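Engineer: Provided herewith is a single structure, encoded as structure tokens, for subsequent inquiry.
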Amino acid sequence: MAKVDAEPYPFEFSIEHTALVMIDFQRDFVYPGGFGESLGNDTSLLLKAVGPAQKVLMAAREAGMFVIHTREGHREDLSDLPDAKLHRGNPSLHIGEEGAMGRLLVRGSYGHDIVDELYPIAGEPVVDKPGKGAFYATDLDSILKNRGIRKLVFTGVTTEVCVNTSAREANDRGYDPLILEDCVASYFPEFQRVALEMIKAQGGIVGWVSDSTRFLAALSDAVAERAGNGTGSKTAMAGAAMA
Ligand code: TIU
């Protein structure tokens, strides 16, 4: 088991039973002209997470860790969009209306899709979700359980909305969630801070918090450990000791 230096205490994981979850890195949230901006937000704050998340994504792919992406959005006919969500607040454009990157939060539109830097590759499932939580009305839980995944490393946007909701849903389903703080971002610096505090308070009531640097170091240890086992060095040593 590799260990990530994390709060409130080290997060143990094996590559095989862990998934990297990339929450809603969609143009609609991180670029101007999309859903995030329609709510009155400064989208530039979200771009900070893209670089660190890209490093983690590349390393996870290299290590053979399971990667899964989510996108928040709705059917073209909006039949899965609750009225409550459509009418909430006073946005400049509503979900389904035509924006600078196509219809806001509608599957198939350019804005609904994931940014180029973090675009999924073959073998990385993309889970389309109608809500804030990644488990609500999706097959995410089945996909993870079918692969024997028990630990989830979260990146994505926004920290206090879809990342936090998904981490809480994961926690209640028996997964161990780890959130990488420089790979998640919020439109509100204060919410970024408190959303992470809430996860790790009370002895890790929801999960763990670390960052990309500490996670990448642990992942590199896990790869080295696996290579050691794979070449049979430990087995050979055990054999020598018995002989
Ligand atoms: N508005 C906001 O902060 N977030 C969302 O609406 N969705 C996600 O967090 N993905």
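Engineer: Taking H87 as meeting all but one of (1) within 24 Å of the chain's Cα centre (by Cα); (2) free of Cβ contacts under 8 Å to residues at least 12 places away in the same chain, write down the number of the exception.
Structural biologist: Here H87 clears every test but (1).
Condition check ((1) hydrophobic (A, V, I, L, M, F, W, C); (2) touching a Ser or Thr at 6+ places or on another chain (Cβ under 6 Å); (3) buried (at least 17 other Cβ atoms within 10 Å of the Cβ); (4) without any contact (Cβ under 8 Å) to a residue 24 or more places away in the chain) across all residues:
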| position | (1), (2), (3), (4) |
| --- | --- |
| P120 | no, no, yes, no |
| I143 | yes, no, no, no |
| R147 | no, no, no, no |
| G156 | no, no, yes, no |
| V163 | yes, no, yes, no |
| S166 | no, no, yes, no |
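Engineer: Still on this structure: Would it be correct to say that R214 is at negative phi, touching a Ser or Thr at 6+ places or on another chain (Cβ under 8 Å) and charged (D, E, K, R)?
Structural biologist: no
Engineer: Now for a separate question. Please state which one of Y136, Y119 is away from the ligand (no atom under 12 Å from the Cβ), closer than 17 Å to V30 by Cα, touching an Asp or Glu at 6+ places or on another chain (Cβ under 9 Å) and of a type outside the set (A, V, I, L, M, F, W, C).
Structural biologist: Within the list Y136, Y119, the selection yields Y119.
Engineer: Quick one: is A134 in a loop (DSSP other than H, G, I, E, B) and in contact with a helix residue (DSSP H, G or I) (Cβ under 6 Å, 6 or more places away or on another chain)?
Structural biologist: Answer is yes for this residue.
Engineer: Here are some conditions: (1) crowded, with 18+ Cβ neighbours inside 10 Å; (2) under 12 Å from the mean Cα position of the chain (by Cα); (3) closer than 19 Å to G73 by Cα. K132 meets all but one. Which one does it not meet?
Structural biologist: (2)
Engineer: Another one. Of all residues in the stretch 1-48, which are within 10 Å of the ligand (Cβ to nearest atom), over 20 Å from H74 (Cβ atoms) and touching a Gly at 6+ places or on another chain (Cβ under 6 Å)?
Structural biologist: Correct list: empty.
Engineer: Does any residue of the stretch 68-80 turn out to be away from the ligand (no atom under 15 Å from the Cβ), under 14 Å from the mean Cα position of the chain (by Cα) and small (G, A, S)?
Structural biologist: Scanning the stretch 68-80, I find no residue that is away from the ligand (no atom under 15 Å from the Cβ), under 14 Å from the mean Cα position of the chain (by Cα) and small (G, A, S), so the answer is no.
Here, each number is a calculation from the coordinates, and none is a lab measurement. In this text the structure is predicted, and so the values were computed from the model without any measurement. Methodologically, a virtual Cβ is constructed for each residue, glycine included, from the backbone with ideal geometry; neighbour enumeration extends over all protein chains shown.
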